[in-house]
């Protein structure tokens, strides 16, 4: 029984400027601030003449997947898999007496 890490997504992260308490008090105000910022940032990137540095990161999103059922790996507090009967059977067979 084993779980394997599988790449399920790739994200590109960008750190926007910090919001100060007077700029956004509610989640709706925060969303509006970041929507406006993303639009401005998009325009900034499109300007090929800009020499300002932009910091972006590529992030790997991985999940542990069961080798039997290929579902996301889950286990109880004892380490017994919860995803499928094949994984449970193998766990029980390898469990020390």
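Observations, loosely collected:
- Scanning the stretch 75-97 for residues that are touching a residue at least 24 places away in the same chain (Cβ under 8 Å) and loosely packed, with under 13 Cβ neighbours inside 10 Å returns a single hit, 94.
- If you go through the stretch 12-29 and keep only what is surrounded by 10 or more Cβ atoms within 10 Å (Cβ to Cβ) and in contact with a strand residue (DSSP E or B) (Cβ under 7 Å, 6 or more places away or on another chain), you end up with just 14.
- Residues (over 30 Å from residue 93 (Cα atoms) and either touching a helix residue (DSSP H, G or I) at 6+ places or on another chain (Cβ under 8 Å) or modelled with pLDDT of 80 or more (or both)) located in the stretch 1-24: 8, 9, 10, 11, 12, 13, 14, 16, 17, 19, 23, 24
The values are calculated or read from the model by the stated rules, or taken from the named source; none is laboratory data. These figures come from a predicted structure and were not determined experimentally. All Cβ positions, glycine included, derive from the backbone under ideal geometry; neighbour counts span all protein chains shown.
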